[in-house]
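The values are calculated or read from the model by the stated rules, or taken from the named source; none is laboratory data. Remember, it's a predicted structure, so these values are computed and weren't measured experimentally. Here the Cβ is made from the backbone with ideal geometry for all residues, glycine too, and neighbour counts use every protein chain on show. To get the accessible areas, we keep the full protein, side chains included, count just its heavy atoms, and leave off ligands, DNA and RNA. Shrake-Rupley method; radii C 1.70, N 1.55, O 1.52, S 1.80 Å.
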Amino acid sequence: MGSQLNPYIAFDGDARQAMEFYHEVLGGKLELGTFGDFGSSESPDAAKIMHATLSTADGFTVMAWDVPERVPFNPGTNVALYLGGDTPDLRGYFEKLSAGGTVSMPLKKQIWGDEAGTLVDKFGITWMFNITQQQS
C-alpha cells in the first residue's frame with residue numbers, strides 16, 4: 001500500500017451531509033463509519049461520523065469526521081492533513097513533524113487495531129496519522 005497524504009475535513013455534526021454532497025458532485029465510492037460503528041455506541045457522539053472516505057475514479061480522496069462534543073470546533077481551522085499507510089516511515093514522520101509543535105493524541109494502538117495519533121506542527125497545521133497494522 002505504501003503511504004498517502006489526503007485532506008481531512010472536520011465538521012460540527014454534518015459530515016454525513018457534506019460527504020454525501022461531495023459524493024453527488026465527484027462520484028466515486030463513499031464509506032461512512034460512525035463512532036458507534038467503531039465501538040463507542042454508548043457515547044453521546046455515537047451517531048456522528050468518526051471516519052468518512054470518498055475515493056473517486058479521478059484519483060481524488062477526501063476524508064472527513066464530526067468533531068466529538070469534547071473537542072472544540074473552530075471553523076476556519078477544520079482541515080487537517082491525513083497521513084496513513086503501512087510503512088514504518090510514518091512513525092518517523094510523526095516524530096519529526098511534532099518537533100516544535102504539540103502532540104494532541106500520542107501515536108498508539110486504537111480500538112480499530114491500527115496505531116493513530118494527531119499533532120499540530122510548529123506552523124499550526126494539524127496532522128492526523130493512521131498506521132495500518134499488518135494482519136497476522
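Taking the range 58-93 as the range and being small (G, A, S), in contact with a helix residue (DSSP H, G or I) (Cβ under 9 Å, 6 or more places away or on another chain) and over 20 Å from F129 (Cβ atoms) as the test, no residue passes. Annotation for the range 14-33: at least one member residue is within 23 Å of K109 (Cα to Cα) and surrounded by fewer than 15 Cβ atoms within 10 Å (Cβ to Cβ). Just one of the listed residues (L26, L32) is of a type outside the set (F, W, Y), in contact with a strand residue (DSSP E or B) (Cβ under 6 Å, 6 or more places away or on another chain) and within 28 Å of S3 (Cβ to Cβ), namely L32.
Of all residues in the range 10-56, those satisfying the criterion of being at pLDDT below 90 and touching a helix residue (DSSP H, G or I) at 6+ places or on another chain (Cβ under 9 Å) are F11, T56.
Put simply, of T118, T102, T132 the only residue that is hydroxyl-bearing (S, T, Y) and touching a residue at least 60 places away in the same chain (Cβ under 8 Å) is T132.
Scanning the range 112-136 for residues that are open to solvent by less than 40 Å² (accessible area, probe 1.4 Å), in contact with a strand residue (DSSP E or B) (Cβ under 7 Å, 6 or more places away or on another chain) and part of a loop (DSSP other than H, G, I, E, B) turns up D114, D121.
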